[in-house]
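The values are calculated or read from the model by the stated rules, or taken from the named source; none is laboratory data. Everything numeric in this text was worked out from a predicted model, so none of it was measured. Neighbour counts run over all protein chains shown; Cβ positions are idealised from the backbone, glycine included.
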Amino acid sequence: MAPACGVCVEALYNRKGLPSAYEPVTPVDHAEGWNKQRKKTATGWYDNLCRAADPDQVSNHMRRQQPMRSVTAYATSDRKAPFHKTTIQRRDLGPGDVLIKIAFAGICHTDIHTARGEWGDVIFPLVPGHEMAGVVEEIGAGVTKYAVGDRVGVGCMVDSCRECDNCLAGEQQYCLNGPVYTYNCIGKDGRPTEGGYSTHIVVDQDFVLAIPAGIDLDVAAPLLCAGVTLYSPLKHWGAGPGTSLAIVGLGGLGHMGVKIAHALGAEVSVLSQSLSKQADGRRLGADNYYATADPATFKQLKHRFDLIVSTVSATLPMHSYLSMLRLDGTLVNVGAPSDPLSVPASSLMDKRLRLAGSSIGGIRETQEMLNFCAEHGLGAEIEVISADQIDVAYDRVVDSDVRYRFVINTATF
Ligand code: NAP
Ligand code: ZN
Ligand code: ZN
């Protein structure tokens, strides 16, 4: 075990170029405040940084190592506080970094779960946003993948360990050391990550996606989370011609699920709480549309689907949805309610069913999804809002009153 002390972060820098997540340090009691605030939300990155380090010493060190640039952002300072305009620091460009001028940032329900503290501790002030699209403004000296002026996007991750089996397989979202999420996480520089509700972001080129010509930046932004979160399980579980599948919840994720599943050639049904969005659902590509508020729906659809993907942000009676699967069917849950999912054992046993989960997608797969969407002319259905409408938009998403993704125009910052 390497000794933990106020300068170990610097030592790690010297050894490997970046603080290593794998260099064990002796955990010791640390100062209240800076470190303590982040303890519970921390991923492996933080856990392996020096816990003894004096907060000021670390941040001064970071400032020395990495000159900052000030950019405008919208942040919330508490789980009940409204968003406010603020200034945040982005690191100066390292050799592999890309500075992106963000044009649009989608509002994902995950932003809301996080900002409202529904999933646990939050690093406040919080700048959410992991669906951003914009243009490359500057590149580091070693950047080969992007040039100034390129149209690019950033999704839910801005880094990962790059060394574990899952990273090496291109599944960075399942990084065994924990991916560095775009916000509410600790970056490799030891600083909290801050997301896309901002005019600019600095991201390593390996976590930047190219937005193909033919998709406008505003409708591309939600693809970076909502698009890939549905594309990945639909591909993994083989959605295509001959598959009968259902998408539960016609919100941000769900509407992309309908579009992508339809483009893949599957027979698509929507299971929504009511029939109020039926016309939209059919326009987006649904062959069938059902209201789950009507108990007759569950009887009518017994043993009907090969695959069900639930995008619902609240806890569902899983056994009722499992009853709609055929023998060997799979229910993939991508929604992330804060309460646990509860499943009677018999509801899985009776038809050899699988209950699965899926998290976003890897970088390669995200690019594949963007290319797929461009080929098929798919983008998100959006309502563009200004920065002062974020709080109202949050309430509307929670009320299922979104058609189908709010996208913040950063020109209004
Ligand atoms: P969203 O736009 O709010 O869509 C969720 C939809 O679920 C709503 O539009 C609504 O559809 C349905 N719904 C909401 N409350 C419901 C309830 N009480 N009972 C039944 N249905 C309900 O949210 P989103 O941005 O698509 O995100 C959905 C969930 O996925 C969130 O929990 C989010 O955190 C999670 N997520 C997971 C991943 C991942 O990688 N797995 C990635 C992104 C987001 P209807 O009106 O049609 O019923
Ligand atoms: Zn998201
Ligand atoms: Zn990894």
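If you go through the stretch 246-264 one residue at a time, do you hit one that is surrounded by fewer than 21 Cβ atoms within 10 Å (Cβ to Cβ), free of Cβ contacts under 8 Å to residues at least 40 places away in the same chain and out of contact with any Cys (no Cβ under 7 Å at 6 or more places or on another chain)? Don't jump to the end; show me each part of the working.
Going residue by residue through the stretch 246-264, those that are surrounded by fewer than 21 Cβ atoms within 10 Å (Cβ to Cβ) are 262-264.
Checking the rest, the ones that are also free of Cβ contacts under 8 Å to residues at least 40 places away in the same chain come to 262, 264.
Of the ones still in play, those that are also out of contact with any Cys (no Cβ under 7 Å at 6 or more places or on another chain) are 262, 264.
Among the residues of the stretch 246-264, at least one is surrounded by fewer than 21 Cβ atoms within 10 Å (Cβ to Cβ), free of Cβ contacts under 8 Å to residues at least 40 places away in the same chain and out of contact with any Cys (no Cβ under 7 Å at 6 or more places or on another chain), which makes the answer yes.
Collect the residues in the stretch 355-377 that are away from ligand 2 (no atom under 16 Å from the Cβ) and not in a helix (DSSP H, G or I), keeping them in residue-number order. If the condition is that a residue be away from ligand 2 (no atom under 16 Å from the Cβ) and not in a helix (DSSP H, G or I), then Leu355, Ala356, His376, Gly377 are the ones that fit.
Considering the stretch 78-194, there are no qualifying strands (runs of 3 or more DSSP E) wholly inside with 1 or more residues that are at pLDDT 95 or above, on the phi > 0 side of the Ramachandran plot and aromatic (Phe, Trp, Tyr). Within the stretch 217-244, the set of residues being in contact with a Phe, Trp or Tyr (Cβ under 8 Å, 6 or more places away or on another chain) and surrounded by fewer than 24 Cβ atoms within 10 Å (Cβ to Cβ) comprises Leu217, Asp218, Ser244.
Quick grid of which residues meet (1) of a type outside the set (Val, Ile, Thr); (2) within 16 Å of ligand 2 (Cβ to nearest atom):
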| site | (1), (2) |
| --- | --- |
| Pro295 | yes, no |
| Lys299 | yes, no |
| Ile308 | no, no |
| Ser313 | yes, yes |
| Ser320 | yes, no |
| Pro344 | yes, no |
| Leu348 | yes, no |
| Leu353 | yes, no |
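Based on what the data block shows, is Gln273 without any contact (Cβ under 8 Å) to a residue 40 or more places away in the chain, closer than 24 Å to Gly106 by Cα and surrounded by fewer than 23 Cβ atoms within 10 Å (Cβ to Cβ)? Write out each step before concluding.
Numbers: without any contact (Cβ under 8 Å) to a residue 40 or more places away in the chain: no; closer than 24 Å to Gly106 by Cα: yes; surrounded by fewer than 23 Cβ atoms within 10 Å (Cβ to Cβ): yes.
It is false that Gln273 is without any contact (Cβ under 8 Å) to a residue 40 or more places away in the chain, closer than 24 Å to Gly106 by Cα and surrounded by fewer than 23 Cβ atoms within 10 Å (Cβ to Cβ).
Of all residues in the stretch 217-229, those that are among the hydroxyl-bearing types (Ser, Thr, Tyr) have Cβ atoms under 7 Å from Cβ atoms of residues that are near ligand 2 (Cβ under 9 Å from one of its atoms), 6 or more apart or on another chain, in Thr229/Leu253; Thr229/Ile360. Of all the residues in the stretch 286-310, those that are surrounded by 13 or more Cβ atoms within 10 Å (Cβ to Cβ) and touching a strand residue (DSSP E or B) at 6+ places or on another chain (Cβ under 6 Å) number 13.
Search the stretch 97-124 for residues being more than 16 Å from ligand 1 (Cβ to nearest atom) and surrounded by fewer than 18 Cβ atoms within 10 Å (Cβ to Cβ), and hand back the single one that is nearest to Asp339 (Cα to Cα). Can you show your working first?
Filtering the stretch 97-124 down to residues more than 16 Å from ligand 1 (Cβ to nearest atom) leaves 97-103, 121, 123-124.
With surrounded by fewer than 18 Cβ atoms within 10 Å (Cβ to Cβ) added as a condition, the list becomes 101, 121, 124.
Numbers: Lys101: 37, Asp121: 15, Phe124: 23 Å.
Out of the qualifying residues, it is Asp121.
So if I check each of Thr199, Thr144, Thr243, which one is within 28 Å of Phe305 (Cβ to Cβ), more than 16 Å from ligand 3 (Cβ to nearest atom) and out of contact with any Cys (no Cβ under 6 Å at 6 or more places or on another chain)? So the residue among Thr199, Thr144, Thr243 that is within 28 Å of Phe305 (Cβ to Cβ), more than 16 Å from ligand 3 (Cβ to nearest atom) and out of contact with any Cys (no Cβ under 6 Å at 6 or more places or on another chain) is Thr243. The lone criterion from (1) within 16 Å of ligand 2 (Cβ to nearest atom); (2) of a type in the set (Ser, Thr, Tyr); (3) farther than 24 Å from Gly142 by Cβ left unmet by Thr199 is number (1). Checking each residue in the stretch 396-413 for being out of contact with any helix residue (DSSP H, G or I) (no Cβ under 9 Å at 6 or more places or on another chain) and either in a helix (DSSP H, G or I) or acidic (Asp, Glu) (or both) picks out Arg396, Asp399, Ala411.
Considering only the stretch 319-347, state which residues are part of a helix (DSSP H, G or I), out of contact with any strand residue (DSSP E or B) (no Cβ under 8 Å at 6 or more places or on another chain) and within 16 Å of ligand 1 (Cβ to nearest atom).
Within the stretch 319-347, the subset part of a helix (DSSP H, G or I) is 319-322, 345-347.
From what is left, the residues that are out of contact with any strand residue (DSSP E or B) (no Cβ under 8 Å at 6 or more places or on another chain) are 319-320, 345-347.
Across the stretch 319-347, the qualifying residues are His319, Ser320.
Residue count for the stretch 327-377 under the criterion of being among the aliphatic types (A, V, I, L, M), in contact (Cβ under 8 Å) with a residue 60 or more places away in the chain and crowded, with 20+ Cβ neighbours inside 10 Å: the result is 6.
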